[in-house]
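Contents: one structure, followed by commentary.
The values are calculated or read from the model by the stated rules, or taken from the named source; none is laboratory data. Here the structure is a predicted model, which is why all the values come from computation and not from measurement. Because the Cβ atoms are built from the backbone with ideal geometry, glycine has one as well, and the counts that use them run over all protein chains shown. Calculation scope for accessible area: heavy atoms of the full protein, side chains included, ligands and nucleic acids excluded. Shrake-Rupley method; radii C 1.70, N 1.55, O 1.52, S 1.80 Å.
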Amino acid sequence: MSTPKRFPASLKSAAVPQRELLMPQRHLRQATVDAARLARPSGTGLDSGAVRERMVNRLRAEGKFNEQVLAAMAAVPRHEFVDTALAAQAYEDTALPIGHGQTISKPSVVAHMLGLLMASPAARQRGSLGRVLEIGTGCGYQAAVIALLARQVTSIERLQGLHDKAQANLQRVLLPRAPRLIWGDGRVGYTGGAPFDSIIAAAGGEDIPPAWTAQLAPGGRLIAPTATSGRGQVLVVLDHVVDNGVSRWVRSEHEAVLFVPLKSGIV
Ligand code: SAH
């Protein structure tokens, strides 16, 4: 702060210390705003697209994810799908509890699984996942991402508490086409919406339920965490291939994963 050397002080010299005196107050105000953002995670801090863009850029830097999937993930506010207390972690590459003993998958796992679905010959040609069945709605996050990549999404959840929660979460998020949510046992698929171009399971089973294979459209692809005898739970991809009018299902095994169990019945 410059001290005026002459009396009376000129207007110019008086104006300088005045500006300097105001600055600490401005910083204090800014600090309050910053603190409020951290304490109130669904405030402007997490609502801004920049924080989602950073998460997606970290994934993009790994160079192995589908660009259309990353763009969809950049558009879905993940913090709207987790409890307020965990919202600050919503854009880290981590699985988070969503209640009822279940978890929302890591963003990199969501990106990887949806990338595998987008890589099927039919999805590449279409540029979309087509009509999708998701088993395990959970909090509804992945269903929202899929909604931006598909023509139609049907998602089944066996726990009514989570089904209701997902319904409420999805209502807060603006999507061009809202996913159809069903409370039911996803092991039987959903005959009302079959056949599906893409089927994705968010819970790991001992096998791939026959209903899913039966409800997979010709050219369709299914991805499901499934138990194997040698490698534990791995991502299994099943393609419904039609040659000369004859259907066959081609199975390939990908990396080892650890998903919550696929259970029977509804609660
Ligand atoms: N995709 C979800 C993650 C869900 S975790 C998300 O983005 O949040 C897996 C979910 O599968 C759990 O909510 C669990 O209750 C559900 N689940 C397990 N077995 C099921 C079944 N047979 N039918 C439908 N949902 C099932």
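Which distance in nm do the two modelled labels at residue 92 and residue 251 give, with both placed 7 Å along the Cα-to-Cβ direction?
Rounded to a tenth, the inter-label distance reads 3.7 nm.
Please state the shape class of the range 168-254: rounded when a/c is under 1.5, otherwise prolate if a/b exceeds b/c and oblate if not, all from the C-alpha gyration tensor.
Judged from the Cα gyration tensor, the range 168-254 comes out oblate (a/c at least 1.5, b/c at or above a/b).
In whole Hz, with x marking every Gly and Pro, tabulate ³J(HN,Hα) for the range 46-62 from phi via Karplus 6.51 cos²θ - 1.76 cosθ + 1.60, θ = phi - 60°.
Running phi through 6.51 cos²θ - 1.76 cosθ + 1.60 with θ = phi - 60° gives 8, 6, 6, x, 4, 5, 5, 4, 5, 4, 5, 5, 5, 5, 4, 4, 6 Hz.
Check residue 216: other-chain or 5+ apart residues with amide H under 5 Å from its amide H, H built from backbone geometry?
Answer set, sorted by chain and number: 196.
Please list 3J(HN,Hα) in residue order for the range 93-101, calculated via the Karplus relation 6.51 cos²θ - 1.76 cosθ + 1.60 where θ = phi - 60°; whole Hz, with x for glycine and proline.
Rounded to whole hertz, the list is 7, 9, 6, 9, x, 10, x, 6, x.
For residue 64 and residue 243 in one chain, what is 0.36 nm times their gap in residues minus the Cα-Cα distance, to one decimal in nm?
So the extension gain works out to 61.4 nm.
Quick one: 3J(HN,Hα) in Hz for the range 137-147, Karplus 6.51/-1.76/1.60 with θ = phi - 60°, rounded, Gly and Pro as x.
These are the phi-based 3J(HN,Hα) values: 5, x, 7, x, 4, 5, 4, 5, 5, 4, 4 Hz.
If each residue of separation counts as 0.36 nm, what is the full-extension length gain between residue 263 and residue 227 once their alpha-carbon separation is subtracted?
11.6 nm
How much of the accessible area of the range 77-149, in percent, comes from carbon and sulfur atoms when a 1.4 Å probe is used?
Carbon and sulfur atoms account for 51 percent of the accessible area of the range 77-149.
Amide H of residue 260: which non-local residues (sequence gap of 5 or more, or other chain) have their own amide H closer than 5 Å, using H built in the peptide plane?
Close amide H contacts, sequence-distant or interchain: 204.
Between residue 188 and residue 100, what is 0.36 nm times their sequence separation minus the Cα-Cα distance? Round to one decimal in nm.
Here the segment from residue 188 to residue 100 would lengthen by 29.5 nm.
Evaluate the distance, in nm, between pseudo-label points positioned 7 Å from the Cα of residue 84 and of residue 164 along their respective Cα→Cβ axes.
The modelled label-to-label distance comes out at 1.9 nm.
What is the range 180-241's relative contact order, in percent, from Cα pairs under 8 angstrom and six or more apart in sequence?
31
Taking R0 as 22 Å, what's the FRET efficiency between residue 151 and residue 71 from their Cβ-Cβ distance, rounded to 0.05?
According to the calculation, E is roughly 0.85.
For the range 206-267, what is the accessible area per residue in Å², given a 1.4 Å probe and the full set of protein chains?
53
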